[in-house]
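Working notes, beginning with the structure itself.
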């Protein structure tokens with residue numbers, strides 16, 4: 001029987017900044033190692049593609065990896081996707097403050113790092129969907145594909161030959177999957 005002390009979202013928010021990112025999973029703090037440069041390059045490219053479209057079309061707000069989303073209470077779960085998008089019609093769910101966003105973003109994007117296990121990624125996807133995310137993208141740098149989740153059973157894998165769409169979550173957004181992985185060299 002575990003006697004570990006559970007942490008809540010407010011305690012996580014007040015933890016001193018030691019240069020690492022943390023998530024809170026059912027009250028247990030998980031330290032996240034900084035991702036490698038390839039992860040950052042791919043995530044940055046996708047953030048730019050998404051951000052340009054969101055800004056030009058005034059669709060909502062885009063958030064960076066450091067942004068926490070409070071997905072569950074008692075015990076608390078706080079996750080931070082690599083990229084998050086919240087549509088304008090959902091921005092009323094919270095007021096601007098320094099706490100975590102209440103609930104899931106409309107779109108959560110996870111860029112898989114070399115140290116991520118399949119079960120860890122699956123757990124994140126399920127947490128996002130359970131908390132109300134309308135869509136989750138899992139970007140896999142090693143295999144150059146993107147898995148799009150609308151639910152646990154509505155899943156499609158896109159390769160570099162395919163087009164990635166924002167569908168009804170981010171209307172009008174399209175890019176070739178290959179654009180996410182181009183190195184520009």
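Details
- Between 0 and 90°, nearest 10: helix 37-57 axis offset from the chain longest Cα axis: 70
- Cα centroid of segment 124-184 to Cα centroid of segment 64-94, whole Å: 18
- Only helices enter the 222 nm calculation for the chain: every DSSP H run of n ≥ 4 contributes -39,500 (n - 2.57), and dividing by all residues gives -7000 deg cm²/dmol, rounded to 500.
- Efficiency of FRET between residue 66 and residue 161 - r from beta-carbon atoms, R0 22 angstrom, step 0.05: 0.10
- Full-extension gain in nm, residue 20 to residue 57, via 0.36 nm per residue minus C-alpha separation: 9.9 nm
- Residue exposure sequence - 106, 116, 10 - by fewest surrounding Cβ within 10 Å: 10, 116, 106
- Among [x] 10.8; [y] 15.6; [z] 11.7, the entry that matches mean projected area of the Cα convex hull in nm² as calculated here: [z]
- Were the residues from residue 94 through residue 13 laid out at 0.36 nm apart, the gain over their Cα-Cα distance would be 27.5 nm.
- Beta bridge orientation in segment 35-181: antiparallel %, DSSP, nearest 5: 75
- Counted by neighbouring Cβ atoms within 10 Å, the residues 77, 5 run from fewest to most as 5, 77.
- With each label modelled as a point 7 angstrom along the Cα→C-beta vector, the residue 178-residue 126 pair spans 3.7 nm.
- When only Cα pairs below 8 angstrom with a gap of at least 6 residues are kept, the chain shows a relative contact order of 16 percent.
Taken together, the values in this text are just the output of simple stated rules run on the coordinates, not laboratory data. Everything numeric in this text was worked out from a predicted model, so none of it was measured. Counting neighbours? That spans all protein chains shown, and the Cβs are built from the backbone with ideal geometry, glycine included.
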